[in-house]
Amino acid sequence: MASARLAIERVLHAHKPYPAFAIDRHWNVVVSNGALPQLYEGCSSELLRQPVNAVRLILHPLGMGPRIVNYAEWRAHTVAVLRQQLEARPDPVIQALLTEVTAYPAPAGSVGPASHDGPQRYATPLQIATRLGTVCFLNTNTIFGTPTDVTLSELSLEMLFPADEHAVAIVRSMVDEQAAGLLVERV
C-alpha cells in the first residue's frame, strides 16, 4: 500500500494548481493536494476537521453549499452518484449520507439546472462563487482497475479541471495570492 500511496500523492501533486484528492468509499478525503484553500473560505471548521467528507463539505449549508452557484444541479448530480453507489453495493454509511444531503436546504438564490450548452452538455460542472469571481470546474473520478488490495480498491481520485479560460484566470490569481503570502493555508 505504501507504493500505491506514494503514486497517489505524486498524481495529486502533479495536478496542482487545481484541486485533487483521494477519497474512500464513504467520500472521506484520505489525502489532498491542498490546492486553492480560497475555495474553503467561510466553511465551518467542523466540516474541515478530519475526516473531511467531500460530499458534505461541498453541499452542507455551513460548508461550500451557499457558494455553489449551480447548487440544485450539483446536488442532483451528487444524489445520482450516491444512488448508483448504493445500487451497486448497499452501505448504511452511504445511505445516511444520501439522506443527509437530500435534507439540506437549497441556498437562497441558487440557480436551477442549467441549459445543455457549453460544458454542461457533457458533464455537470461545479461552479463555485469566490471573492475573486465564479470558478467553474469539471471533475474526473479515477479508480484503480485491478487492485489486489481491498483498501486500494476502495479509493478513488477526484480531480478538478478548469472548465473555461475564466476559471484558469481565477486559479492563477489564487495561486499568485498564495505565493505573495496574502492567504494563510487552511486545508
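The values are calculated or read from the model by the stated rules, or taken from the named source; none is laboratory data. Bear in mind the structure is a predicted one, so any value in this text is a computation, not a measurement. Here the Cβ positions follow ideal geometry from the backbone for every residue, glycine too, while neighbour counts run over all protein chains shown. The area values use the complete protein model at the heavy-atom level, side chains included, leaving out ligands, DNA and RNA. Shrake-Rupley method; radii C 1.70, N 1.55, O 1.52, S 1.80 Å.
The eigenvalues of the Cα gyration tensor, multiplied by 5 and square-rooted, give region 1-63 an equivalent ellipsoid with semi-axes of 22, 14, 8 Å from largest to smallest.
Calculated on the Cα set of region 6-112, radius of gyration then Dmax: 14.3, 42 Å.
Each Cα pair of the chain feeds into the Kirkwood radius, which the Stokes-Einstein equation turns, at 25 °C and 0.890 mPa s, into a diffusion coefficient of 142 µm²/s. Separation of region 21-46 from region 69-112 is 17 Å, based on Cα centroids. With contributions of -39500 (n - 2.57) from each DSSP H run of at least four residues, the per-residue ellipticity at 222 nm computed over the chain stands at -11000 deg cm²/dmol.
Could you please report the charge total around Pro107, scoring K, R as +1 and D, E as -1 over all other residues with beta-carbon less than 14 angstrom from its beta-carbon?
Working: positive: Arg67, Arg75; negative: Glu73.
Result for the local shell: +1.
In this view, the solvent-accessible surface of Tyr18, computed with a 1.4 Å probe and all protein chains in place, comes to about 50 Å². Quick check: at a probe of 1.4 Å, how many percent of the accessible area of the chain sits on carbon and sulfur atoms? That share works out to 58 percent.
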